[in-house]
Structures are given as C-alpha cells and as structure tokens.
1. Specify the residue that is modelled with the lowest pLDDT; the eligible residues are those in segment B:70-83 that are buried (at least 18 other Cβ atoms within 10 Å of the Cβ) and assigned to a loop (DSSP other than H, G, I, E, B).
2. In contact with a Leu (Cβ under 8 Å, 6 or more places away or on another chain), within 24 Å of residue B:104 (Cα to Cα) and among the hydrophobic types (A, V, I, L, M, F, W, C): is that true of residue A:21 in this structure?
3. Tell me, which residue of segment B:24-63 that is part of a loop (DSSP other than H, G, I, E, B) and facing chain A (nearest Cβ under 10 Å) is surrounded by the fewest Cβ atoms within 10 Å (Cβ to Cβ)?
4. Can you tell me which of B:63, B:110, B:67 is at pLDDT 95 or above, basic (Lys, Arg) and under 15 Å from residue B:8 (Cβ atoms)?
5. Looking at residue B:16 and the list (1) in a loop (DSSP other than H, G, I, E, B); (2) of a type in the set (Gly, Ala, Ser); (3) farther than 17 Å from residue B:111 by Cβ, which single condition is not satisfied?
6. Which one is farthest from the chain's Cα centre (by Cα), of the residues in segment A:1-15 that are exposed (fewer than 12 other Cβ atoms within 10 Å of the Cβ) and in a loop (DSSP other than H, G, I, E, B)?
7. Among (1) under 16 Å from residue A:101 (Cα atoms); (2) in a strand (DSSP E or B); (3) modelled with pLDDT under 95, where does residue B:100 come up short?
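The values are calculated or read from the model by the stated rules, or taken from the named source; none is laboratory data. No experiment lies behind these values; they were computed from the predicted model shown. Positions of Cβ are backbone-derived with ideal geometry, glycine not excepted, and every protein chain shown enters the neighbour counts.
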Amino acid sequence: QQQVKQSPQSLIVQKGGISIINCAYENTAFDYFPWYQQFPGKGPALLIAIRPDVSEKKEGRFTISFNKSAKQFSLHIMDSQPGDSATYFCAARRDYGQNFVFGPGTRLSVLP
Amino acid sequence: KAGVTQTPRYLIKTRGQQVTLSCSPISGHRSVSWYQQTPGQGLQFLFEYFSETQRNKGNFPGRFSGRQFSNSRSEMNVSTLELGDSALYLCASSGINGGTGELFFGEGSRLTVL
C-alpha cells in the first residue's frame, strides 16, 4: 500500500511533442504528490507538485493532472525540448513529517 | 544559500568493509533524509532524522544506520558491505516551518562495492 507505480520506464519524444508520464498509488492517505526531475550526476530537484483537492496544476510547460477517484496522477510536458531529457520521479507522502515514497522513475529522451 | 553537500562523492569498498557517508543540509533545515538509488529500484527511503532523532525508518537491514548532530549534519553508516549495497546514496534536507516539506537533494555519494 506504500507503493507508487510509474510508467513508462522510458520514453522517447520528438522535440515539440508532448511527454506524458503516469503514476498510480493505493494509499488514500497520501495527500501531497510531487514530481522530481533528475539530470545525470545530479540529485533530484522538485519540478511541480499537487495536492488532491485540485485536479490540475500547471507551471509553464509542465502540468500535473490528478484523478483522485482513480488514484492516478500524471505529468504532461508540453513542447518537449532536448533540455527536458532527464529522469522523472513521481512521489507521494501521507502528511507532513512522513517520508516520501517514490516511483521507480521514467527516463525521458527528447530528440532534436 | 548553499545547497546540500554530500561527501565523499565517489568511493570504492570491498565486501565486508564498512563505510560512512556525510551530509551537510541547507542552513536552517533540521530534517535530513537518506535514500538509496539503484537503476532497478528507484529511490528507496532509508531513514529520516529530525533534531538529532530518527523520525522515520525504511525497510533496510540493521547494517544501515545513521545519526544526526546538533548542527543538523548527518552521517549514515553501512557495515559489513555486500555487493548489492552498490548504489547512489542521496541525502535530502527539508525545512520545518509549514509548507510542504519539500526535499532538497544533494548530488549523492556513489558507492561501489567490489
């Protein structure tokens, strides 16, 4: 019940295309859902996050869509750029002070 | 503001040895978490320290231990190293004053066990 599933494992997108990464969880007590971006040789960095009281959050080219009833959330990267090539992790946390549970990651490659 | 600093960045050990990794959090952050990152398993939570006390613990054997000092710096120790302990060990700090407890990660310590 503590798991967060993530798909696909890897994704190749053409420049200008839309990248979509999906995550699913089972623990309905999770109340905070961030996405982290990790470049090679670097630690993950927070990209965007959402709480379950909203269905969508947009920041620039990055959008999180959240479906509480399905216990799923996804990251959409519009107009994907080669600089977006990185590994993306979804995560979830029960409440403040609890540890984050991470998905296994998606390696995104955006072709020029 | 300086970020999270982890040392050493790279190290090679042999089976049976032990290793100590260090993490200096962002100034003012009192929470430090440790994660193990491997290609197949993603980020696995090891433990979290807050104000020198272990607040949360993941499902790792007792060979993995940690501590936090009064200045919030943290160390993790792995004893009796096994080949499967080869991984990138990430430290993350977070602030305590409201907000979301966003994690700020260091660049990690890459451990290779031969």
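1. B:72
2. Criteria met by residue A:21.
3. Looking at the filtered set, the residue picked out is B:40.
4. Answer to the check: B:110.
5. (3)
6. A:1
7. (2)
Results for (1) of a type in the set (A, V, I, L, M, F, W, C); (2) closer than 19 Å to residue B:44 by Cβ, shown as yes or no for each residue.
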site: A:5; (1), (2): no, yes
site: A:15; (1), (2): no, no
site: A:18; (1), (2): yes, no
site: A:21; (1), (2): yes, no
site: A:24; (1), (2): yes, yes
site: A:35; (1), (2): yes, yes
site: A:43; (1), (2): no, yes
site: A:49; (1), (2): yes, no
